[in-house]
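**Student:** Let me give you the structure first, and then I'll get to my questions.
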Amino acid sequence: MIIVMKPEATKQQLDRVLTKLATVGLKVHLSEGSTRTIIGVIGDKRFIAQMPIEAMDGVEKMVPVTVDYKLVSREFKQENTIVDVGGVLIGGSHLVVMAGPCAVESREQLLQSAEIVKKAGAQFLRGGAYKPRTSPYAFQGLEVQGLEILAEAREKTGLKIVTEVVDVDSVSVVCDYADMLQIGSRNMQNFQLLKTVGKTNKPVLLKRGLSATINEWLNAAEYIMSEGNYNVVLCERGIRTYEEYTRNTLDLSAVAAAKNISHLPIIVDPSHGTGRWELVAPMSRAGIAAGADGLMIEVHPNPAEALSDGKQSLTPENFTILMQEITSIAGIMGKTLA
Ligand code: PEP
Ligand code: MN
């Protein structure tokens with residue numbers, strides 16, 4: 001349920017409504033727009049249905065939310081959310097590029113990657129220190145040593161670090177090193193993990209689950225926000241379909257749909273979305289044209305020697321060309337790569 005206050009409502013009238021809701025244990029989220037305040041009520045609807053809230057001074061109306069995620073929805077907050085990651089803004093007119101190797105493989109490989117993506121204009125360095133691999137025998141990541149290397153790359157380049165948290169136990173150590181926590185596709189419905197990152201104050205990049213519907217994905221974002229962390233960025237990374245030529249089917253209609261029904265920023269990962277390096281540039285261009293607020297791109301100094309996802313990783317040269325191309329498309333879409 002959403003309570004819309006009148007534009008002229010006073011602070012006292014608002015406080016009276018909030019006190020009333022608190023007496024029955026309902027949680028609230030305030031959205032203070034330029035003209036009026038909107039109260040998002042979280043909790044058992046039956047309590048509020050019995051309350052004469054609409055009769056209270058300063059209240060314009062009560063509106064039921066038609067979707068089961070509230071904090072995520074545009075019904076609740078009309079303005080686009082801009083997530084601030086240590087001064088780098090994601091959303092609105094800001095285009096963000098997160099780039100780097102699939103995994104942190106060694107100090108040399110990662111520092112080299114950082115230099116490459118920084119020089120080409122990316123604002124974030126990506127790279128998994130904990131790798132959720134399909135096979136238990138595949139490279140699993142350097143773990144804490146990988147996080148230390150990522151932090152060193154940040155020191156050297158000023159790039160922000162985004163890296164994956166694979167379980168509840170690793171959240172606190174990853175928070176010590178990263179600027180942004182990534183929830184991978186395989187963990188999109190790990191509700192315990194979502195709640196744990198929701199209790200931190202780190203921005204979260206939430207990838208769409210391998211076979212998740214848009215509704216399930218937005219509900220996963222709601223899990224994080226319902227714990228008090230509103231700094232969530234969505235990431236479309238392709239879904240499982242019958243198509244085998246590509247690793248996944250990159251669902252760009254989900255970008256447009258998520259923009260309509262949610263105020264959260266959304267970026268596109270065409271690397272995991274296609275699994276083929278030669279499709280990364282065209283799908284990056286299409287993603288920005290579809291309204292995405294940024295891209296996540298796998299780049300490796302030498303893709304042929306990558307320990308994971310070499311087939312979908314761009315060479316330094318191809319990444320540099322891509323950055324030039326997207327700068328002009330971003331301009332057409334009213335965004336700048338700051
Ligand atoms: C990744 O970005 O490192 C990754 C594993 O991607 P996904 O979770 O989308 O498969
Ligand atoms: Mn990868």
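**Student:** On the basis of being modelled with pLDDT of 95 or more, open to solvent by less than 50 Å² (accessible area, probe 1.4 Å) and more than 16 Å from ligand 1 (Cβ to nearest atom), does M296 make the cut?
**Tutor:** So M296 does not fit the description; no.
**Student:** Ok, one more. Please tell me if K335 is open to solvent by less than 50 Å² (accessible area, probe 1.4 Å) and either of a type in the set (D, E, K, R) or away from ligand 1 (no atom under 16 Å from the Cβ) (or both).
**Tutor:** Yes.
**Student:** May I pose another question? Looking at (1) open to solvent by 60 Å² or more (accessible area, probe 1.4 Å); (2) in contact (Cβ under 8 Å) with a residue 24 or more places away in the chain; (3) within 22 Å of A120 (Cα to Cα), find the lone condition where E278 falls short.
**Tutor:** Every listed condition holds for E278 apart from (2).
**Student:** Does M1 fit the bill of being touching a residue at least 60 places away in the same chain (Cβ under 8 Å) and open to solvent by less than 80 Å² (accessible area, probe 1.4 Å)? Steps first, answer last, please.
**Tutor:** Numbers: touching a residue at least 60 places away in the same chain (Cβ under 8 Å): yes; open to solvent by less than 80 Å² (accessible area, probe 1.4 Å): yes.
Here the answer is yes, as M1 does meet what is asked.
**Student:** Also, quick follow-up: On the basis of being surrounded by fewer than 21 Cβ atoms within 10 Å (Cβ to Cβ) and more than 16 Å from ligand 2 (Cβ to nearest atom), does S211 make the cut?
**Tutor:** For S211, the condition - surrounded by fewer than 21 Cβ atoms within 10 Å (Cβ to Cβ) and more than 16 Å from ligand 2 (Cβ to nearest atom) - is met.
**Student:** What do you reckon, is I261 within 16 Å of ligand 1 (Cβ to nearest atom) and of a type in the set (V, I, T)?
**Tutor:** no
**Student:** Considering only residues of the range 107-142 that are free of Cβ contacts under 8 Å to residues at least 24 places away in the same chain and more than 12 Å from ligand 2 (Cβ to nearest atom), which is farthest from E236 (Cα to Cα)?
**Tutor:** Of all residues in the range 107-142, those free of Cβ contacts under 8 Å to residues at least 24 places away in the same chain come to 108, 134-137, 140.
Restricting the remaining residues to those that are more than 12 Å from ligand 2 (Cβ to nearest atom) gives 108, 135-137, 140.
On the way: E108: 30, S135: 23, P136: 25, Y137: 27, Q140: 23 Å.
That would be E108.
**Student:** Would you mind listing the helices (runs of 4 or more DSSP H) fully within the range 239-338 where at least 1 residues are more than 16 Å from ligand 2 (Cβ to nearest atom)? Working first, answer last.
**Tutor:** Details: elements: 252-261, 270-274, 277-289, 316-332.
The qualifying helices (runs of 4 or more DSSP H) are 252-261, 277-289, 316-332.
Conditions tested, residue by residue: (1) assigned by TED's automatic domain parsing to the domain that holds E148; (2) outside any loop (DSSP other than H, G, I, E, B); (3) under 12 Å from G146 (Cβ atoms).
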site: K70; (1), (2), (3): no, no, no
site: E75; (1), (2), (3): no, no, no
site: L89; (1), (2), (3): yes, yes, no
site: A99; (1), (2), (3): yes, yes, no
site: E105; (1), (2), (3): yes, no, yes
site: E108; (1), (2), (3): yes, yes, no
site: Q112; (1), (2), (3): yes, yes, no
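**Student:** Return the residues of the range 179-216 that are assigned to a loop (DSSP other than H, G, I, E, B), touching a residue at least 40 places away in the same chain (Cβ under 8 Å) and more than 10 Å from ligand 1 (Cβ to nearest atom); say none if nothing qualifies.
**Tutor:** From the range 179-216, those assigned to a loop (DSSP other than H, G, I, E, B) are 179, 184, 188-190, 199-203, 208-213; that's our starting set.
With touching a residue at least 40 places away in the same chain (Cβ under 8 Å) added as a condition, the list becomes 179, 184, 203, 208.
Matches in the range 179-216: D179, P203.
**Student:** I'd like the full set of residues that are crowded, with 24+ Cβ neighbours inside 10 Å and either touching a helix residue (DSSP H, G or I) at 6+ places or on another chain (Cβ under 8 Å) or among the hydrophobic types (A, V, I, L, M, F, W, C) (or both), limited to the range 125-146.
**Tutor:** Selection gives L125, G127, G128, A129.
**Student:** Pull out all pairs, ordered by first then second residue, where Cβ-Cβ is under 8 Å, the residues are six or more apart or on different chains, the first lies in the range 242-266 and is of a type in the set (K, R), and the second is not in a loop (DSSP other than H, G, I, E, B).
**Tutor:** R247/H272; R247/G273; R247/T274; R247/Q312; K259/I266
**Student:** What's the total number of residues in the range 57-90 that are closer than 22 Å to V4 by Cα, open to solvent by 60 Å² or more (accessible area, probe 1.4 Å) and not polar (S, T, N, Q)? Talk me through it step by step, then tell me what you get.
**Tutor:** Applying the first criterion (closer than 22 Å to V4 by Cα) to the range 57-90 yields 57-81.
After this cut, where a residue has to be open to solvent by 60 Å² or more (accessible area, probe 1.4 Å) as well, the list is 57, 60-61, 64, 66, 68, 75, 78-80.
Still in the list and also not polar (S, T, N, Q): 57, 60-61, 64, 68, 75, 79.
So the count comes out to 7.
**Student:** I'm trying to understand the selection: among the residues of the range 24-56, which are modelled with pLDDT under 90, surrounded by fewer than 11 Cβ atoms within 10 Å (Cβ to Cβ) and more than 23 Å from Q78 (Cα to Cα)?
**Tutor:** G25, R46, Q50, P52
The values are calculated or read from the model by the stated rules, or taken from the named source; none is laboratory data. Nothing here was measured: the structure is a model prediction, and the numbers come from that model. Every residue, glycine as well, gets a Cβ built from its backbone with ideal geometry; the counts of neighbours run over all protein chains shown. Keep in mind that these areas ignore ligands, DNA and RNA; they rest on the heavy atoms of the full protein, side chains included. Shrake-Rupley method; radii C 1.70, N 1.55, O 1.52, S 1.80 Å.
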